[in-house]
Amino acid sequence: MVLTPHMRQLGVTPNLLKTTKQVTCPRCGKTFSLFQSRAIACRGCRRSATTCELARCPFCDFEFPLQQLIVSNEQRQREISRYMNKIVNDYHRSVGKRTSR
């Protein structure tokens with residue numbers, strides 16, 4: 001997906017586009033976004049509060065590297081992971097929910 005000037009004006013970033021891209025689980029074949037993975041399947045995981053470089057399928061609970069999903073190198077993998085962790089943590093702080101299970 002291309003980031004248009006209108007999308008930039010609304011605050012959409014390239015990292016946000018990466019996290020909303022639909023990916024397919026290598027185990028069960030169902031599709032989901034990285035945002036769904038972090039917000040649902042990784043909720044409460046101690047590693048998700050740090051720079052975990054894995055995605056977890058919200059359907060079958062299978063973990064696999066982000067590199068297979070949306071990025072081509074380890075630096076981008078960590079950057080996307082930090083970005084998603086910040087979004088999820090900010091959400092939990094704003095609504096008063098704990099990130100632990």
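The values are calculated or read from the model by the stated rules, or taken from the named source; none is laboratory data. All values derive from a computational prediction rather than experimental measurement. We place every Cβ from the backbone using ideal geometry, glycine too, and count neighbours over all the protein chains shown.
A residue that is farther than 21 Å from Q75 by Cα, surrounded by 12 or more Cβ atoms within 10 Å (Cβ to Cβ), of a type in the set (A, V, I, L, M) and without any contact (Cβ under 8 Å) to a residue 60 or more places away in the chain can be found somewhere in the range 24-39.
None of R46, R27 is of a type in the set (K, R) and at pLDDT below 80 except R46.
Of the conditions (1) closer than 19 Å to L17 by Cα; (2) modelled with pLDDT of 75 or more, E63 satisfies every one except a single condition; which number is it? E63 satisfies all of (1) closer than 19 Å to L17 by Cα; (2) modelled with pLDDT of 75 or more except (1).
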